[in-house]
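Here's the structure we're looking at; comments come further down.
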Amino acid sequence: MDLNPWYRELSTEIGPTIMYRGAEVVMLGSNNYLGLTTDPRVKKAAIDAVEQYGTGVTGSRLLNGTLPLHTELEELLADWVGLERALVFTTGYTANLGLISTLVQQGDAVFCDSAAHASLVDGARMADGALRAFRHNRPNSLRNGLRHWRSQPASGGVLVAVDGIYSMDGDWAPLPEIKAVCELYEARLLVDEAHALGVVGPSGAGTAAATGIQADLVMGTFSKSLASCGGFIAGSDDVISFMRLFCRPLLFTASNVPASLGAALAAAKIARAEDWRREAVLSLAKRLRTGLAELGFYSGGDVESSIVPVHGDDMIGTGVLWRALLDRGVYTNCSLPPAVPRPMLRTSVMATHTEQQVDRALAAFEEIARDGVVDAGRGALMSVLAGEKSTASPVA
């Protein structure tokens, strides 16, 4: 019934709309929050980097893989998030993996929010120290966990890891409260700004800057607002110097290709300078979120987030909704347990979407709700699964 929502092949650039199977589709499934992947300045920067440095550096950062682009980008990123120094990685996932597995040693502990990104959790699993979880966005749960940890003899260092904006539900971490708990129990705070950098805060510096707290470490990616691929860690000079010598996922991974560095550098400069992009993406997200609520869909996400989740009742119904939207010209991301606690469509907008494109998407949701498409599709699919003959399309 063509209900598998994953590994769909997209053959055009990822802008506000794409061509999918010969039809124009509104793209609500991309992390291209500021719309910079199609910006001519970013494209030219990527091309210029290839012309100057070739298609790849064929080596690790440690040996022959550090370019002037790395140095300039690291200086810009550290200044942007207000920390002493930054270190660029080939992917954002590798940045978190490398940071936590390197810093958290035997006798130490990582306290991760229960909704933290997989890269934070996997980095903690790789570390020699202990992994602890606290309830999502519950500072009291963190406080209780840290109190227990500090009550143990010879408890070591503690790193608290949270997302600034959570990647699925689009909600903010309560950073001032979490920072206060960290200070009380002498813990270091890592804020993953992957979905916040460029979108919120002064000049797009992220949630830590927006809430006025000083994180010990900040992580960010290039694959969202910065229109490229890669990631970085920012922190004190001592921490970054240590990482440069002992971080295995950095030392034993090939360096970023020049095109990704050139694009990220150009995108970062644009993101800091063009406030209208932040204003547009948050305004459009509000328009989408409000429209969905008016149609009776359970949508969440913070009002200052480009992510607008649409929660489903069950996995089959959510899959049918995903397919029904695609058939009506709207591309969304379908996320199911165990990747998320409950089935959902994860939608997001770009600064370069128009109000008319958002309204077009809302019209598709409205038609599906009015015509009872999800219930009909769920029934048709359940009949097939039960072995009954059915010729009806689940999303007709």
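The values are calculated or read from the model by the stated rules, or taken from the named source; none is laboratory data. No experiment lies behind these values; they were computed from the predicted model shown. Glycine also receives a Cβ, built like all others from the backbone with ideal geometry; neighbour counts cover every protein chain displayed.
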Response to the item:
Filter segment 168-185 for residues that are of a type in the set (D, E) and part of a helix (DSSP H, G or I); the one that is farthest from A209 (Cα to Cα) is E183
Fill in: Index of the failed condition, L63 passing every other in (1) assigned to a loop (DSSP other than H, G, I, E, B); (2) in contact (Cβ under 8 Å) with a residue 24 or more places away in the chain
(2)
Worksheet entry | Flag for G170 being modelled with pLDDT of 95 or more, within 15 Å of H136 (Cα to Cα) and surrounded by 22 or more Cβ atoms within 10 Å (Cβ to Cβ) | yes
Item to complete: Report, by residue number, each residue of segment 328-339 that is buried (at least 18 other Cβ atoms within 10 Å of the Cβ) and either in contact (Cβ under 8 Å) with a residue 60 or more places away in the chain or not assigned by TED's automatic domain parsing to the domain that holds S299 (or both).
Response: V330, Y331, T332, N333, C334, S335
Response to the item:
Scanning segment 236-289 residue by residue, the ones that are hydrophobic (A, V, I, L, M, F, W, C) and assigned to a loop (DSSP other than H, G, I, E, B) total 3
Item to complete: Run S203 past the list (1) buried (at least 19 other Cβ atoms within 10 Å of the Cβ); (2) in contact with a Lys or Arg (Cβ under 9 Å, 6 or more places away or on another chain) and report the number of the one that doesn't hold.
Response: (1)
Worksheet item: Given the conditions (1) of a type outside the set (S, T, N, Q); (2) assigned by TED's automatic domain parsing to the domain that holds T94; (3) in contact (Cβ under 8 Å) with a residue 12 or more places away in the chain, and given that L245 satisfies all but one, which numbered condition is not satisfied?
Response: (3)
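Only one residue in L87, L76, L99 is closer than 13 Å to G231 by Cα, assigned to a helix (DSSP H, G or I) and at pLDDT 95 or above, so which one is that? Please lay out each step first, then the result.
Numbers: L87 fails: assigned to a helix (DSSP H, G or I); L76 fails: closer than 13 Å to G231 by Cα.
It is L99.
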Worksheet entry | Cβ pairs under 6 Å, 6+ apart, first in segment 1-24 and surrounded by fewer than 14 Cβ atoms within 10 Å (Cβ to Cβ), second not in a strand (DSSP E or B) | E13/T38; M19/T12
Worksheet item: Since R138 meets every condition but one in (1) in contact (Cβ under 8 Å) with a residue 12 or more places away in the chain; (2) in contact with an Asp or Glu (Cβ under 9 Å, 6 or more places away or on another chain), which condition does it not meet?
Response: (1)
Worksheet entry | Selection count where residues are buried (at least 24 other Cβ atoms within 10 Å of the Cβ) and among the aromatic types (F, W, Y), scope segment 226-253 | 1
Discussion item. Checking the condition assigned to a helix (DSSP H, G or I) and under 27 Å from L34 (Cα atoms), which residue from R378, R323 passes?
Written reply: R323
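Go through segment 132-141 and report how many residues are part of a helix (DSSP H, G or I) and closer than 16 Å to W172 by Cα.
Within segment 132-141, the subset part of a helix (DSSP H, G or I) is 139-141.
Those still in the list that are closer than 16 Å to W172 by Cα too: 139.
Of the residues in that region, 1 qualify.
For segment 301-332, give me the residue count where each residue is of a type in the set (F, W, Y) and touching a Lys or Arg at 6+ places or on another chain (Cβ under 9 Å).
To start, the set of residues in segment 301-332 that are of a type in the set (F, W, Y) comprises 322, 331.
Filter once more, so that each one left must be touching a Lys or Arg at 6+ places or on another chain (Cβ under 9 Å): 331.
Residues that pass the stated criteria total 1.
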Worksheet item: G29 passes all but one of (1) touching a residue at least 60 places away in the same chain (Cβ under 8 Å); (2) part of a loop (DSSP other than H, G, I, E, B); (3) not assigned by TED's automatic domain parsing to the domain that holds Y331; which number fails?
Response: (3)
